[in-house]
Amino acid sequence: QVQLVESGGRLVQDGDSLKLSCVFAERSFRFWTMAWFRQAPGQEREFVAAINWNSYTTHYGGSAKDRFSITRDNAKNTVYLQMNNLKPADTAVYYCASPGSRETDPQVVASMAVSSVDYWGQGTQVTVSS
């Protein structure tokens, strides 16, 4: 059953900005840490960013630092990923995810195995042309 739905991915040019959205179906997600991962062809799924339930703390993967920003609006059941100055290396399927707990710090999510992250969306494709 679909509980997380990403949207906003599309073809953009080098240097463009893009904002992804992730809508969660259940109110419970408002109290859980949320995250974004991405996976490029032939590569491992990579941690991008995470945010705690009340937006107090965030954590970013190395590829996202200084260019990406994760935010959330629990009243709208939505998590966002603002991506600026996109590069071809950012091309990937972007997944919204959650460990299903507010006790999991955003920085901890970065090192979690994919199998340990309980909830995943279907992904949205972001393609950055060179």
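Counting only residues at least eight positions apart within a chain, or on another chain, the lysines with an alpha carbon under 20 Å from that of K87 are K19, K65. For the range 67-74, backbone phi angles converted through the Karplus equation (6.51, -1.76, 1.60; θ = phi - 60°) give residue-by-residue couplings of 10, 10, 9, 9, 9, 8, 10, 5 Hz, Gly and Pro being listed as x. Loop-resident chymotrypsin sites (Phe, Trp or Tyr not before Pro) (DSSP state other than H, G, I, E or B) in the range 20-86 with no more than 16 further Cβ atoms inside 10 Å of their Cβ: Y56.
What the phi angles of the range 24-33 give under the Karplus curve with 6.51, -1.76 and 1.60, with θ = phi - 60°, is a coupling list of 9, 7, 9, 4, 4, 5, 4, 10, 10, 4 Hz, glycine and proline written as x. For the Cα trace of the range 2-64, dividing Rg by the Kirkwood Rh returns an Rg/Rh value of 0.99. Using a 1.4 Å probe on the protein chains only, how many percent of the accessible area of the range 1-122 belongs to carbon and sulfur? Of all accessible area on the range 1-122, carbon and sulfur atoms account for 44 percent.
Each residue of the range 6-19 was assigned a 3J(HN,Hα) from its phi angle through the Karplus curve 6.51 cos²θ - 1.76 cosθ + 1.60 (θ = phi - 60°); the sequence is 8, 7, x, x, 6, 7, 9, 9, 3, x, 6, 10, 8, 10 Hz, with glycine and proline shown as x. Entry comment: accessible area of the chain is 51 Å² per residue, from protein heavy atoms only and a probe of 1.4 Å. The alpha carbons of the chain stretch over 40, 29, 28 Å along the principal axes, in descending order.
Between T58 and S116, what FRET efficiency follows from the Cβ-Cβ distance if R0 is 22 Å, with the result rounded to 0.05? My answer for the efficiency is 0.65.
The values are calculated or read from the model by the stated rules, or taken from the named source; none is laboratory data. Everything numeric in this text was worked out from a predicted model, so none of it was measured. Glycine also receives a Cβ, built like all others from the backbone with ideal geometry; neighbour counts cover every protein chain displayed. Just the protein is used for accessible areas: all its heavy atoms, side chains included, with ligands, DNA and RNA removed. Shrake-Rupley method; radii C 1.70, N 1.55, O 1.52, S 1.80 Å.
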